[in-house]
1. Just to check your reading of the model, which residue among GLY591, GLY598 is on the phi > 0 side of the Ramachandran plot and either under 15 Å from the mean Cα position of the chain (by Cα) or without any contact (Cβ under 8 Å) to a residue 24 or more places away in the chain (or both)?
2. Can you tell which of ARG34, ARG52, ARG80 is open to solvent by 80 Å² or more (accessible area, probe 1.4 Å), of a type in the set (Lys, Arg) and either more than 24 Å from the chain's Cα centre (by Cα) or at negative phi (or both)?
3. Return the residues of the stretch 203-252 that are assigned to a helix (DSSP H, G or I) and of a type in the set (Val, Ile, Thr); say none if nothing qualifies.
4. Here is a check on your reading of the model: is LEU45 in a helix (DSSP H, G or I), among the hydrophobic types (A, V, I, L, M, F, W, C) and out of contact with any strand residue (DSSP E or B) (no Cβ under 8 Å at 6 or more places or on another chain)?
5. Give GLY593, GLY665 a once-over and let me know the one that is touching a Pro at 6+ places or on another chain (Cβ under 8 Å), surrounded by fewer than 20 Cβ atoms within 10 Å (Cβ to Cβ) and modelled with pLDDT under 95.
6. Could you please tell me which pairs satisfy a Cβ distance under 9 Å, a separation of 6+ or placement on different chains, a first residue in the stretch 497-525 that is on the phi > 0 side of the Ramachandran plot and touching a residue at least 40 places away in the same chain (Cβ under 8 Å), and a second residue that is part of a strand (DSSP E or B) and surrounded by 24 or more Cβ atoms within 10 Å (Cβ to Cβ)?
7. Does LEU337 count as under 17 Å from GLY251 (Cβ atoms), open to solvent by 20 Å² or more (accessible area, probe 1.4 Å) and among the hydrophobic types (A, V, I, L, M, F, W, C)?
8. Going by what's in this entry, would ASN130 be described as at negative phi, at pLDDT below 95 and surrounded by fewer than 23 Cβ atoms within 10 Å (Cβ to Cβ)?
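The values are calculated or read from the model by the stated rules, or taken from the named source; none is laboratory data. Computed from a predicted structure; not experimentally measured. Please note: Cβ atoms are built from the backbone with ideal geometry, for glycine as well, and neighbour counts cover all protein chains shown. These area figures cover heavy atoms from the full protein model, side chains too; ligands, DNA and RNA do not enter into them. Shrake-Rupley method; radii C 1.70, N 1.55, O 1.52, S 1.80 Å.
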Amino acid sequence: MILEDIQKDIQEGIPSTLPPAQPYDSSVNHAPKRKQILTKAEEKLALKNALRYFPSEQHAELLPEFKEELETYGRIYMYRLRPNYKLHARDIKEYPGKCDQAKAIMLMIHNNLDYAVAQHPHELITYGGNGAVFQNWAQYRLTMKYLSEMTDEQTLAMYSGHPMGLFPSHKDAPRVVVTNGMMIPNYSKPDDWEKFNALGVTQYGQMTAGSFMYIGPQGIVHGTTITVLNAGRKIAVDGEDLAGKLFVTSGLGGMSGAQPKAGNIAGCITVCAEINEKATNTRHSQGWVDEVISDLDELVTRVKTAKANKEVISIAYQGNIVDVWEKFDEENVKVDLGSDQTSLHNPWAGGYYPVGFSLEESNQMMAENPDQFKEEVQKTLVRHANAVNNHTAKGTYFFDYGNAFLLEASRAGADIMAENGIDFKYPSYVQDIMGPMCFDFGFGPFRWVCASNDPADLLKTDEIACQVLEELQKESPAEIQQQMSDNIQWIKGAQENKLVVGSQARILYADAIGRMKIAEAFNKAIENGEIGPVVLGRDHHDVSGTDSPYRETSNIYDGSQFTADMAIQNVIGDSFRGATWVSIHNGGGVGWGEVINGGFGMLLDGTADADRRLKNMLHWDVNNGIARRNWARNEGAMFAIKRAMEMEPLLKVTVPNLVDDKLFGE
């Protein structure tokens, strides 16, 4: 389609004349069939809910089609309404509309649904097996139409993928407010998601899927690189690097696809298992994993050779990770670092697969015999944990990657509990690395997208960011010199490492000062005509955005790790400080009912308004989390918040008084 036709299609929204039904495209990676969980009465309600997007004269034609989708896939996706044009991040100037902020959001939605980015694009799922942008294609079409009509005096309210409508507001208000899966607490169990999502009344936004801020696997590769580097530093005997050391993990689908690339950047040997051949082929074709091996004996031989030669290599094993852990145990292959990044927040609906079954057999069992599928997954988790235990007894450093592996393994009865019966045997990577080294000091996954979609703009922003960090490092205290050095090294190698998938985007761990200074420099470059507009954002997996007791807030020990005040305060505070759009979700990387997480997007357009907003909002967005971590008595956060108060006289934060344990006679 030519650009003019695409613009007309966007502006039309749900077409007045139904397009022809589209055949099911088996070449695309599709979401697994969801289990049948609705009663007959609820199935009728789900169909009525879907048909309300269409005029009554079209209901008779659509009803049998939607009924078949519900019976076949467990959801109503409205495949017929999939647009005929290619979805990808275009130049912001190519989007129709009255408001550049709205055009930026359209760009980000298209990036999330790009075939090169999205895990299940036809089901509008970006990553994590169920991290959705929308529930169906009618919601997509209606949202894009609203955005094309929006002015700077309106705000679009998004209820779990459904665009409730445009409401009058003002130019400093967010253009879009997104909520996903915000359930009454008693209705936040895994089966509640299955039921209410099938009814078409809620969705799992994951983290950056439902907030339009996913930038492909690059979104986590920097954090994974930092994690692997520092895990290597923890096991280093004489300060040696990771040359010749082996990192074993699993998952190549969405965010987990960053692991082999991060392993290469960190300088180790990476073996990453993946059950889905399409996911493996995608990452291999994109250059995110170097080799693919499907034979265990061949894998052992290849790894031994790589160890002997101290190669930096990433290998995808096409198969189940449990077989790898057990085979390496039998063959005495030394695993130096181990983790897992399958989607165990979604264990019963395709996030983790049982050993001994093919992908097709597993998907059939999942849909037709979910009780057996759950039983087989739990048996596999026990075997998985046992194999990991065998390796850690030989010296492997294993860390939980916040994907609920240890949590679900414990629920399956695996031997992964510490002696106290409360904690896990193995730390979360946030507890050991990211929390005390990064989040407590305010360092987190800041990101930006060049709205021109021009690689030259991305190169220029990389250079600007590097210059800003090098200047800041000169005056940075000793406590954060390592973080500054790692981030400068990262941004200098960003172009060489070919991290872009989809939009011209970059991720860079930075603290509040770094984010504000970089954003200010971008805005100035836009004003001077050096680059086009830039969209700022971050992962929800950050200093302030997420309350998650088994991941982001797992290094908070005052009991407040089970509260969600920080995430809620974060999104409200971002809203009135100038964010272009904000989002708040139930779910995320560790599971429905296990976490509340929020994010934002902000368009920089070179104006004084943008400069004012970025300084106000980015300062709050980071220091909110540092203040909370400080109140939990985290040493790094207490240092960071005192430094922040010295730099900003309007910031006044309550600092805890420390209590001497000797008072308790223990």
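1. GLY591
2. ARG52
3. Correct list: ILE220, VAL221, THR224, THR225, ILE226, THR227, VAL228, ILE235.
4. When the stated conditions are applied, LEU45 passes them.
5. Selected residue: GLY593, the only one of GLY593, GLY665 that is touching a Pro at 6+ places or on another chain (Cβ under 8 Å), surrounded by fewer than 20 Cβ atoms within 10 Å (Cβ to Cβ) and modelled with pLDDT under 95.
6. Sorted first by the residue in the stretch 497-525, then by its partner, the pairs are GLY502/ILE215.
7. no
8. For ASN130, the condition - at negative phi, at pLDDT below 95 and surrounded by fewer than 23 Cβ atoms within 10 Å (Cβ to Cβ) - is not met.
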